Amino acid sequence: MTPVLLMASAISGIGLMLVLIIRFKLQPVLTLLIVSIFVALLSGMPADKIVPAIEAGMGKTMGHIAIIIALGAMIGKIVEISGGAQVLARDLIGKFGDRRIPLALTLAGFLIGIPVFFEVGVIMVMPLLYGVSNVTKRSLMVFALPMCVAMLTVHSFLPPHPGPAAASVQIGADMGRILAFGVPITLLVCIVGYFISQHMTRRDFNYSADIRLAVSGCDDGGVPASLEASDEALPDAPAPEFWLIVGLILFPIVLIMCGTTVSIFLPQKSFYYAVTQFLSAPVTALLADTVLAGYCLGLRRGWSFEQVSSVIGSAVPGVAMVILIAGCGGIFGNILVQSGIGHVISDTLRNSGLPVLALAYILCLILRAVQGSTTVALVTTAGILAPLIATFHFGPNRLALLALAMGGGGLSASHVNDAGFWIFTKLTGIAVADGLKTWTVLTTILGFLGFLTTAAMWLFFS
C-alpha cells in the first residue's frame, strides 16, 4: 500500500477513536481495540496477522506495566486507608504555618500524588480542604487549586502512574532516569503552579451551596464515607507518623534512582551490577515498598494479616480498567508498527522540520485536548512516535526526556471532556466557566512549562 493510503488509514483511525470517545462515550478499552482492528484492515494488513499483533502488543505492554501499576495502587490504598494522606497534609500545614498553608498543601499534593491516583487523591483531600477553608475563613479555591493541580502534574509525568509507565515502555525509556529527571521537574512545576494559582484565586468565586454533598457523604470529622466503609472493621490505632509516610512514598523512587546511578559505574557483567539491576527494578522496588507499607501501616498498628491483605487487594479492582487501557494503547502502537504506518508517520514527521521533542509534546497535547484522557493521549503518542524515535538511536537520557515531554502534553488542556475537570469543579463547587479560566488555563501553562524544562535539559544531555 502506498504511503499516502497508509497515512490516511492512521488519520481515519484516530478520527474514529475521537468520535467513539467524544460523541458516543464508548469505553476507551473497547475504543482502542476497535480502532486497532479498523486501522489494521484499512491499511491492508493480512487478516491472519491481526490477532497475533494484538496479542503481541498487549503482552509487551502489560508484561512491563501491569504489575507496576497494581503495586503502586496497593501502596496508595494502604496509605489512604491508614490516614497517611491526612497526616501528610496536616503536618505540613503545621510546619509551614498559617500564612503558607496553600504552599504546604501543594507539597502535600505532590507527595500524595506519587502513590495515589489523581481521582482518588482529590476525593481524599477534599474534606481536609473544606475544613481548612472554614477554619481560616479563606476561599476554598486558594487551597484546592494548587493542591489538586499538583496531584494531576504527578499523574501526568511520573511512573508508576499508567500513562507515563506505558509511554516509557513503548519508546524504551528507563523508568529510573524518568524519575531522576522527572521528580525535580515535577516539583518545580508544582511550585510554579502554587504561585500562579495564588494570583488566579485573588478574586471571589461563586460556590454552589451543596459542595459538601459532592463528596460522597462526610461525617462530622470530614471523613469520606467511602473510606469509612473500607476501614470500618479495622482496629483503632494512632495516626501514622509523618516521616514514616514520607519515607514509604520516597523509598521506591530513591531505590530505582540509586540503581540507575550506581549501575553506570559498574561493569555490566559483574555480580554487583546484576544485583543492583534486580534491587532497583521498578517491580522489585514497589514490591518491597508494598510489603513495608503493609507492615508499618498495618501489622504494626494492630491490623491482622487478613485485614492488611484485604486492604491491599481492594486496590486492584479500581485500577484493572486503567491497566487494560494502557495495554490496549500498546496494541494500537503495535498495529501501527506491524502495518507499516508507523514508519510512514515517522518519515512524514521527520520531514516536518519540527524537533522530535516538540513533536512529542504537541501530538500528546492535541490528543489530550480532543479526547480528554491523559493515559490515552500518552500511550497513543508513544505508539505513533516510537518508530520515529527508534531511528534516532537516542541514549537513555534523551529517551527519558522524550517521555517527560509527552507528560507535558498530557498535563495540558484539561477541560470539559476530561473526567478530572468535572471531579475538580463539582467537588469545589465552582462554575464551569470558572473552571475553564483557572483549572484549564493552569494545567496548560504548567504542561508547557514542563515541556520547556525538558527542552532546556535536552541541550545538556545526550
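Things to note:
- Some residue of region 301-316 being assigned to a helix (DSSP H, G or I), more than 21 Å from G410 (Cα to Cα), at pLDDT below 80 and touching a helix residue (DSSP H, G or I) at 6+ places or on another chain (Cβ under 7 Å): no
- Residue within region 293-302 that is surrounded by fewer than 23 Cβ atoms within 10 Å (Cβ to Cβ) and either closer than 27 Å to A400 by Cβ or among the charged types (D, E, K, R) (or both) present: yes
- Residue ID - modelled with the lowest pLDDT, chosen from residues in region 1-39 that are more than 25 Å from the chain's Cα centre (by Cα) and of a type in the set (S, T, Y): T2
- Subset of region 368-390 that is farther than 21 Å from K60 by Cα and without any contact (Cβ under 8 Å) to a residue 60 or more places away in the chain - its residue that is surrounded by the fewest Cβ atoms within 10 Å (Cβ to Cβ): A369
- Filtered residues of region 430-457 (kept if surrounded by fewer than 21 Cβ atoms within 10 Å (Cβ to Cβ) and more than 22 Å from the chain's Cα centre (by Cα)): A431, V432, A433, D434, K437, A456
- Residue check, G83 more than 19 Å from the chain's Cα centre (by Cα) and closer than 19 Å to I312 by Cβ: yes
- Failed item in (1) surrounded by 21 or more Cβ atoms within 10 Å (Cβ to Cβ); (2) under 25 Å from T2 (Cβ atoms), with L349 passing the rest: (1)
- Number of positions in region 349-367 that are closer than 11 Å to L385 by Cα and modelled with pLDDT under 85: 2
- Close contacts from region 44-71, counting a first residue that is closer than 30 Å to G294 by Cβ and a second that is buried (at least 20 other Cβ atoms within 10 Å of the Cβ) and charged (D, E, K, R), with Cβ to Cβ under 8 Å and a gap of 6+ residues or different chains, come to L71/D289.
- When G429, G420 are checked against the criterion of being on the phi > 0 side of the Ramachandran plot and in contact with an Asp or Glu (Cβ under 8 Å, 6 or more places away or on another chain), a single residue qualifies: G429.
- Region 309-326, residues that are surrounded by fewer than 21 Cβ atoms within 10 Å (Cβ to Cβ) and within 18 Å of E80 (Cα to Cα): S309, S310, G313, S314, V316, P317, G318
Residue by residue, here is whether (1) over 20 Å from the mean Cα position of the chain (by Cα); (2) of a type outside the set (S, T, Y); (3) at pLDDT 90 or above; (4) not in a helix (DSSP H, G or I) holds:
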{"position": "V379", "(1), (2), (3), (4)": "no, yes, no, no"}
{"position": "L401", "(1), (2), (3), (4)": "no, yes, yes, no"}
{"position": "A405", "(1), (2), (3), (4)": "no, yes, yes, no"}
{"position": "N417", "(1), (2), (3), (4)": "no, yes, no, yes"}
{"position": "I423", "(1), (2), (3), (4)": "no, yes, no, no"}
{"position": "K426", "(1), (2), (3), (4)": "yes, yes, no, no"}
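- Test: residue in region 209-219 that is under 27 Å from A315 (Cβ atoms), acidic (D, E), at pLDDT 80 or above and not in a helix (DSSP H, G or I): no
- Residue match in region 136-159 (condition: within 30 Å of C328 (Cα to Cα), at pLDDT 85 or above and in a loop (DSSP other than H, G, I, E, B)): yes
- Pair list, Cβ under 9 Å, 6 or more apart: region 1-13 residue more than 14 Å from I37 (Cα to Cα), other residue charged (D, E, K, R): P3/D347
The values are calculated or read from the model by the stated rules, or taken from the named source; none is laboratory data. Keep in mind that this is a model prediction, so the values were computed, not measured. Glycine gets a Cβ as well: all are built from the backbone with ideal geometry, and neighbour counts include every protein chain shown.
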